[in-house]
Amino acid sequence: MHLTFKVSKRITEFLGEETLMEEKSLIKLWNKNRTQIIQAQVAPALVLIAIVALAAIGSFESASDGAKYLAIGVAAVTGILATISQYAAVREGEALIVDLRKVQNPSALGAKIAESRGLVSLSAIAIIGFDIAIFALVVWAVLGA
């Protein structure tokens with residue numbers, strides 16, 4: 001692996017330019033990152049559904065403190081792990097946008113993705129903001145007012 005890196009680096013130095021991925025490969029990575037963000041939302045959504053259902057039927061009113069804290073802990077850990085995955089995908093998407101901007105004569109799709117840096121950055125902020133709000137609502141639903 002180290003030898004491969006050295007050879008690749010020497011070729012790049014010899015050519016005097018960066019080796020860029022093709023547009024199709026970049027768009028494929030873009031779609032993979034989007035799918036990763038969507039899939040990362042499944043487990044927390046299922047946990048939230050369970051907590052909302054239990055709160056709606058009043059299960060937490062008679063539950064022990066330990067059970068309540070466990071529910072909050074499971075929601076927190078599931079949410080944090082999903083957030084880490086989503087945030088990593090967003091950061092990779094931002095780097096991918098930089099690479100897509102370097103493609104000469106991009107397709108309409110490639111150009112549109114390359115223009116979406118602001119929206120991708122906004123989604124990173126929204127992920128964190130919504131996570132904090134949802135967690136506060138979970139705590140409220142489990143512990144009560």
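The values are calculated or read from the model by the stated rules, or taken from the named source; none is laboratory data. All values derive from a computational prediction rather than experimental measurement. We place every Cβ from the backbone using ideal geometry, glycine too, and count neighbours over all the protein chains shown.
Worth a mention:
Condition check ((1) modelled with pLDDT of 90 or more; (2) surrounded by 14 or more Cβ atoms within 10 Å (Cβ to Cβ)) across all residues:
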residue: S8; (1), (2): no, no
residue: L46; (1), (2): yes, no
residue: L54; (1), (2): yes, yes
residue: V74; (1), (2): yes, yes
residue: A82; (1), (2): yes, yes
residue: Q86; (1), (2): no, yes
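- Some residue of segment 104-121 being among the acidic types (D, E), closer than 30 Å to L137 by Cα and either outside any helix (DSSP H, G or I) or modelled with pLDDT under 90 (or both): no
- Residue list for segment 114-134, filter: surrounded by fewer than 17 Cβ atoms within 10 Å (Cβ to Cβ) and under 16 Å from G73 (Cβ atoms): I134
- Inter-residue pairs, beta-carbon under 7 Å, first more than 15 Å from Y87 (Cα to Cα) and in segment 105-123, second of a type in the set (V, I, T), 6+ apart: L109/I27; G110/I27; G110/V103; I113/I27; I113/I97; A114/I97; S116/I97
- Taking segment 15-101 as the region of interest, the helices (runs of 4 or more DSSP H) fully inside it that hold 1 or more residues being touching a Pro at 6+ places or on another chain (Cβ under 9 Å), in contact (Cβ under 8 Å) with a residue 60 or more places away in the chain and farther than 25 Å from A136 by Cβ are 23-39, 65-101.
- Number of positions in segment 103-113 that are under 22 Å from the mean Cα position of the chain (by Cα) and either within 30 Å of Y69 (Cα to Cα) or loosely packed, with under 12 Cβ neighbours inside 10 Å (or both): 1
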